[in-house]
1. A:ALA253 - would you say it is among the small types (Gly, Ala, Ser), touching a Lys or Arg at 6+ places or on another chain (Cβ under 8 Å) and within 12 Å of DNA strand B (Cβ to nearest atom)?
2. Looking at (1) out of contact with any strand residue (DSSP E or B) (no Cβ under 7 Å at 6 or more places or on another chain); (2) within 24 Å of A:LEU469 (Cβ to Cβ); (3) outside any loop (DSSP other than H, G, I, E, B); (4) not small (Gly, Ala, Ser), find the lone condition where A:VAL188 falls short.
3. For the range A:126-144, give me the residue count where each residue is farther than 15 Å from A:ILE95 by Cα, assigned to a helix (DSSP H, G or I) and either within 7 Å of DNA strand B (Cβ to nearest atom) or of a type in the set (S, T, N, Q) (or both).
4. Given the residues A:VAL413, A:VAL459, A:VAL435, which is the only one that is over 27 Å from the mean Cα position of the chain (by Cα), closer than 24 Å to A:GLU354 by Cα and touching a residue at least 40 places away in the same chain (Cβ under 8 Å)?
5. From the list A:LEU52, A:LEU89, which one is under 20 Å from A:LYS4 (Cα atoms), in contact (Cβ under 8 Å) with a residue 24 or more places away in the chain and more than 6 Å from DNA strand B (Cβ to nearest atom)?
6. Could you tell me whether any residue of the range A:371-391 is part of a loop (DSSP other than H, G, I, E, B), at pLDDT 95 or above, closer than 30 Å to A:ASP559 by Cβ and not assigned by TED's automatic domain parsing to the domain that holds A:THR194?
7. Out of all the residues in the range A:59-85, which are in a helix (DSSP H, G or I), within 10 Å of DNA strand B (Cβ to nearest atom) and not polar (S, T, N, Q)?
8. Taking A:LEU147 as the residue in question, decide whether it is modelled with pLDDT under 95, outside the structural domain of A:ARG119 (by TED's automatic domain parsing) and closer than 30 Å to A:ARG119 by Cβ.
Amino acid sequence: MKNKDVVDILLKFADVLEFKGEAPFKVNAYRRAAWNISDVEDVEKLWREGRLGDVPGVGKALVEKLDQFFRTGHIRQLDEHLENVPKDLFDLLSIQNFGPKTAALAYKELGVETVDDLRAVVEDGRLANLPGMGPKKVANIKKSLELFETAQKSISIGMAVEIVAEVIAWLQENAGDKIGRISPAGSVRRYKETVHDIDVLVETNDGEAVIELFTQFPKVTRVLGAGATKGSVLLDDRFQVDLRAVPAESYGAARQYFTGSKAHNVKLREIAKKQGFKINEYGIFKGEAKIGGESEERIYHALDMDWIPPELREDRGEIEAAAEHALPELLTLDDIRADLHAHTTNSDGQHTLEELVGMMRRRGYAYMAVCDHSKSVFYANGMDEGRLLEAVEAIRRLNAEMSDFTVLAGAEVDILSDGALDYSDDVLAQLDFVVASIHSAFKQDPTARTIAAMENRYVDVIGHPTGRLISRREGFVLDMDRVMEAALRTGTALEVNSFWDRLDLNDVNVRKAVSKGVKLSVNTDAHHQRHLPMMALGVGTARRGWARKQDVINTFPLDELRRWQKRNR
DNA sequence: GCCGTTTTCGGCCCGACTGTTTTCAGTCG
């Protein structure tokens with residue numbers, strides 16, 4: 001049973017209780033427990049050890065229900081509730097403007113069980129006849145029903161970062177001096193691996209005009225709402241972007257508020273309240289007096305906390321650390337001196353060695369490692385030993401021509417199904433840098449194969465360690481404790497692959513690695529020039545895992561990297 | 001349903017917007 005299964009059932013439970021009109025605080029208790037469980041490493045392990053109750057927000061009643069779930073795959077109380085709710089309750093509740101109260105009314109009075117049922121009663125006018133329903137409410141639900149078909153459920157952080165940059169650049173170009181500061185907010189700013197909508201915050205004294213302008217952005221295909229403080233649009237009928245407009249004196253408070261996460265904000269405001277403050281999107285207040293709001297820093301400082309980097313704001317201990325002035329100094333994009341995993345036309349990359357080196361130099365790196373595929377990965381034009389050694393020679397010649405940049409001759413060598421590597425030690429010994437990755441036979445004991453690869457003295461990094469593809473493929477099942485123990489023992493780094501659909505290791509595993517002292521390597525795995533900026537996604541993911549500069553080998557100057565390699569060979 | 005440096009009972013984050021309403025309920029973030 002994975003964390004996600006447990007989180008899903010608790011969220012469903014909360015939806016059902018809300019539908020049934022249970023007390024909001026009870027509903028919220030289920031949701032809060034779900035959030036907290038999504039952050040633990042392995043909830044099933046906690047259950048086996050009888051430590052479920054250690055998770056914040058999980059008390060006696062939930063321990064009992066989850067115990068049922070682990071033992072039988074069901075929760076009796078939930079099954080009983082489900083006998084008396086619409087068949088497609090969870091789909092129905094995901095429709096905007098159609099909340100639990102309305103759903104309950106439509107179910108009770110009209111027998112609405114499915115999205116199609118809802119569509120029917122909207123069309124024939126029966127929904128409009130219910131008490132409290134007027135023509136505008138029905139029209140809004142009708143609009144939401146259309147979006148239910150097309151709207152994307154989640155957006156990758158890579159896509160979101162590009163969209164947000166485009167929107168901000170366009171507004172800056174077209175709004176002139178109407179706007180001041182402008183920033184991403186929400187989960188994009190926190191570098192969450194997938195986001196539901198994209199939030200942008202802008203400082204202005206003329207919100208109405210700026211939001212009107214925003215609705216003119218060329219990719220807007222639908223305007224969902226536009227007022228003086230908030231505009232909401234759909235780009236290409238798929239991506240929802242919300243713009244919030246606030247005056248300078250509340251820009252910081254709004255930025256704090258709209259960055260979230262919700263769990264972080266709830267806890268922060270609880271603490272503020274206990275200290276006699278009130279925080280909202282306009283500022284921080286002591287009694288009636290506003291004592292801050294212009295800057296985000298001021299909000300945290302007023303509570304005697306250090307400013308908390310957005311990537312940490314998940315209520316995973318960052319609030320307590322900020323209060324103790326013990327937050328880590330996180331890795332930054334500027335700390336990165338090299339990209340240690342990129343491909344050329346020798347395997348499946350789109351650029352030649354010379355082109356790739358030019359691009360890396362323009363990004364300001366001091367060195368890089370070329371790591372093309374090895375021979376077993378035939379679908380990616382993997383190189384046999386002959387071609388590899390020719391490529392190494394070409395790199396040596398190129399290095400001789402450069403004084404300010406170094407290319408490490410490397411390989412992304414496959415970890416074969418029996419745990420052996422795709423090149424012999426004699427060949428690996430001629431390389432400057434070795435990434436080892438699993439690309440096949442995911443079910444054949446990936447833990448043992450990964451550890452076997454780490455035991456090889458020439459392997460520096462394990463590439464995309466879990467093999468997951470976000471929203472497409474679960475990673476293979478790795479025993480992370482054993483892998484990290486071996487990484488520590490053999491002096492092998494684990495990759496934080498920055499490709500938008502990998503982000504592997506993920507934030508939770510990065511945190512675990514950092515806490516154990518395992519080194520990381522944040523790389524793009526670039527196959528094309530347009531992949532190089534994804535370094536920011538890997539850095540964001542590493543920051544979400546509390547990684548510092550000293551945890552990441554490609555922040556080292558080259559001579560330090562070489563000393564690190566030497567110690568571990 | 002959870003939880004305790006205000007509480008083992010009685011609180012639980014806060015506000016905007018919308019639409020339907022003669023003072024508020026529902027939804028959302």
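The values are calculated or read from the model by the stated rules, or taken from the named source; none is laboratory data. Just so it is clear, the model here is predicted, and its values are computed rather than measured. Here the Cβ is made from the backbone with ideal geometry for all residues, glycine too, and neighbour counts use every protein chain on show.
1. no
2. So A:VAL188 meets the others, but not (1).
3. Going through the range A:126-144 one residue at a time, the tally reaches 3.
4. Unique residue meeting the criteria: A:VAL413.
5. A:LEU89
6. no
7. Selection gives A:LYS60, A:ALA61, A:LEU62, A:VAL63, A:GLU64, A:LYS65, A:LEU66.
8. no
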